[in-house]
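Visitor: Quick one: structure below, then a few questions.
The values are calculated or read from the model by the stated rules, or taken from the named source; none is laboratory data. A quick note: this is a predicted structure, and the numbers were derived from the prediction, not measured. Don't worry about glycine lacking a Cβ; one is built from the backbone with ideal geometry, like all the others, and counts go over all protein chains shown. Heavy atoms of the whole protein, side chains included, go into the accessibility calculation; ligands, DNA and RNA do not. Shrake-Rupley method; radii C 1.70, N 1.55, O 1.52, S 1.80 Å.
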Amino acid sequence: MSTVDTQKRYGTGSRGSDSIQSSAVRFSGDSGDGMQVVGEMFATCAALSGAYLHTFPDYPAEIRAPAGTLPGVSAFQIHFGSQDVETQGDWVDTLVAMNPAALRVNIDEVAEGGLLLVNTGAFTEDNLSRADYTDSPLDALSASGRYHTVFVNINQRVLDALKGMDFPTSDKIRCKNFFALGLTCRLYGLSIDYPRDWISNKWGNKPALALANETALEAGYTHAEKLEVRLPLLCVDRALLPDGIYRKISGNEAMALGLIAGSEKSWREIVCGSYPITPATPILEELAQHKHFMVKTVQAEDEISAIGIAIGASYAGHLGVTSTSGPGLCLKSEGLGLAVMTELPLVVIDVMRAGPSTGLPTKTEQADLFMALFGRHGESPVPVLAARSPSDCFRTAFEAVQVAVMCRTPVIVLSDASIGNGSEQWRVPTPDDLPEIEIDPMKRGESYKPYERDPVTGARRLGLPGRPGFEHRIGGLEKDEKGQISQDPANHEHMVEMRARKVQAITRFIPPTEVAGAREGDLLVVGWGGSYGAISLAVKHLHRDGYSVGHVHLRYLHPLPSDLGQIITCFKNVLVPELNQGQLAMVLRAAYLRDVQTFSRMQGRPFRISEIRDRMETLLKQSSRGG
């Protein structure tokens, strides 16, 4: 039996004719309940309906926690709407809870007046005990008036829909995720054509299994029509997207495609040496799907050999790439030092996660900045770039290839778990949208000095091995301009300075820094990486309310943009929100001798817009009082 309580928020069935700008939906259940699958399906349905979207997969940190327990809860959140939503959503508008543990873990994230869609079939005495409930909370939740509830025994509904099919009961119940998907799609007025096609393609060689899942999907869709509300219950306005070809893309997918685009524009084939590590492995997997672009991938036996493969490929004239997360970046530090000394183009991608050590490997954090900037032996300056959103990973990876190839240097690209695993809409660029990455080739018979510098970029000249006249020594020992090993003190200091100047010279190619909101005033918020959406919207809200606040979001963390210091002087206060204990804030204090305020969060999840807005308002009030 279904229980429906929607009168306060939606009226008695009249809600269907209205529409809303955006909504955040979270599917949550046990890690074996298929929440990631149906979350991705719902996101694609929303995208195909013409909505902007931003997703937030939330995996358990343990590989396989006991079923039904709090540590084993897996969730997938989709924020979609008619305007660019930019974040995963501060609060959940609709929670699909497949068991008591999912309800307990997520209930505090649900907005007041939000909708609870609960699978009552999983609320057994054993499951309630595993979720630390002594009694079922459903009656109390329904009576509280805080939420609107749709209680459905999904387990039994699935068994009824699949009655007569030759499957064990346990296998039939595994189809419950598609029932929940169909039900939620109907509540939002979304078509289920895409998940129906996906099921057919996924299990085309197992027609009985495909039929079972499709039947469960359609049963959920049909069951929504039996609820005592007019459908769709919630209708998100269609977005007015600029003309173009769009697709839903994750940060890790976009990173891989950006690397491929860079390799095509620089006429260098990619060789990616990587060791699987959460949450960066999908980059290696995506690159492996594109052999037709002459991409070569090697799953190495460890992180050290992975970067060694990439460095060797760069020496041979290819584009060396390696992807990792924080623990792997530690192990790659010696290899990075070698790439700095040999001045070879190399792209290292760090998809950051909560640490140290194993930490929370599926949760997000921004705590690898210091390691990217300083985590190498000796004076080893390396350009560091950071992507700000899933789709921005494409442009960031492309620019990293530009810098690496043109300046003959390793480059570190910082992403994080919420960016890499999350997805959003992406307007697919044409080849003409991307610039050529041009390098003056070495000419046969030309006099070759390996460390002779380009007067503009400071880059050394690269001679490919095996070509007559371009023979030279390579390795970690210091060299002079001719490529000969040198122990001369003055030469070593000169070469250290040349490598540092080369990296600093990149500021000539960094575009002018964009300042959103006020260009001068009381408060400048400086961000980097995945905090972009929350900061951007918080600043927009306060600027619209009349506050003189601005926002700068940095892609280049080293070197810093040449105009950043001047921008900072135009504001009385500077605030840096970041998912660490204040790493960028410390860098800015050292660089510009300003009192930079830190706003730190290290809870394994992205910032909320409201958190940043509240911190900004507090700082503005303190400043107005002279505190």
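Visitor: Taking the residues in region 70-99 that are of a type in the set (Ser, Thr, Tyr) and under 23 Å from residue 149 (Cα atoms) as candidates, determine which candidate is farthest from the chain's Cα centre (by Cα).
Guide: Here the answer is 94.
Visitor: Shifting gears a bit: Residues in region 295-314: is at least one touching a Phe, Trp or Tyr at 6+ places or on another chain (Cβ under 8 Å) and either aliphatic (A, V, I, L, M) or within 20 Å of residue 403 (Cα to Cα) (or both)?
Guide: Yes, because at least one residue in region 295-314 is touching a Phe, Trp or Tyr at 6+ places or on another chain (Cβ under 8 Å) and either aliphatic (A, V, I, L, M) or within 20 Å of residue 403 (Cα to Cα) (or both).
Visitor: Pick from region 241-272 the residues that are open to solvent by 50 Å² or more (accessible area, probe 1.4 Å) and in a helix (DSSP H, G or I): which of them is nearest to residue 43 (Cα to Cα)?
Guide: 253
Visitor: From 320, 328, which residue is surrounded by 23 or more Cβ atoms within 10 Å (Cβ to Cβ), in a helix (DSSP H, G or I) and not assigned by TED's automatic domain parsing to the domain that holds residue 553?
Guide: Every option except 328 fails the conditions.
Visitor: Name every residue in region 327-357 that is more than 19 Å from the chain's Cα centre (by Cα) and free of Cβ contacts under 8 Å to residues at least 40 places away in the same chain, in order of residue number.
Guide: Across region 327-357, the qualifying residues are 331, 332, 335, 356, 357.
Visitor: From 140, 224, 212, 122, which residue is surrounded by fewer than 22 Cβ atoms within 10 Å (Cβ to Cβ) and of a type in the set (A, V, I, L, M)?
Guide: Answer to the selection: 140.
Visitor: Would you pick out the residues in region 156-192 that are part of a helix (DSSP H, G or I), in contact (Cβ under 8 Å) with a residue 60 or more places away in the chain and open to solvent by 40 Å² or more (accessible area, probe 1.4 Å)?
Guide: 157
Visitor: Name the strands (runs of 3 or more DSSP E) wholly inside region 22-123 in which the number of residues that are among the acidic types (Asp, Glu) and touching a strand residue (DSSP E or B) at 6+ places or on another chain (Cβ under 9 Å) is 1 or more.
Guide: 22-30, 52-58, 92-97
Visitor: Separate question: Could you list, in sequence order, the residues of region 291-307 that are in contact with a helix residue (DSSP H, G or I) (Cβ under 6 Å, 6 or more places away or on another chain) and under 19 Å from residue 474 (Cβ atoms)?
Guide: Hits for region 291-307 are 304, 307.
Visitor: Here is a follow-up. Just to check your reading of the model, which residue among 424, 452, 399 is open to solvent by 60 Å² or more (accessible area, probe 1.4 Å) and in contact with a Lys or Arg (Cβ under 9 Å, 6 or more places away or on another chain)?
Guide: 452
Visitor: Sort out which residues of region 460-471 are buried (at least 16 other Cβ atoms within 10 Å of the Cβ) and part of a loop (DSSP other than H, G, I, E, B), and write them in order of number.
Guide: Result: 461, 462, 463, 470.
Visitor: How about region 287-305: which of its residues are in a helix (DSSP H, G or I), within 21 Å of residue 398 (Cα to Cα) and open to solvent by less than 40 Å² (accessible area, probe 1.4 Å)?
Guide: The one that is in a helix (DSSP H, G or I), within 21 Å of residue 398 (Cα to Cα) and open to solvent by less than 40 Å² (accessible area, probe 1.4 Å): 287.
Visitor: With the structure loaded, tell me whether residue 582 is on the phi > 0 side of the Ramachandran plot, in contact with a strand residue (DSSP E or B) (Cβ under 9 Å, 6 or more places away or on another chain) and at pLDDT 95 or above or whether it fails that test.
Guide: yes
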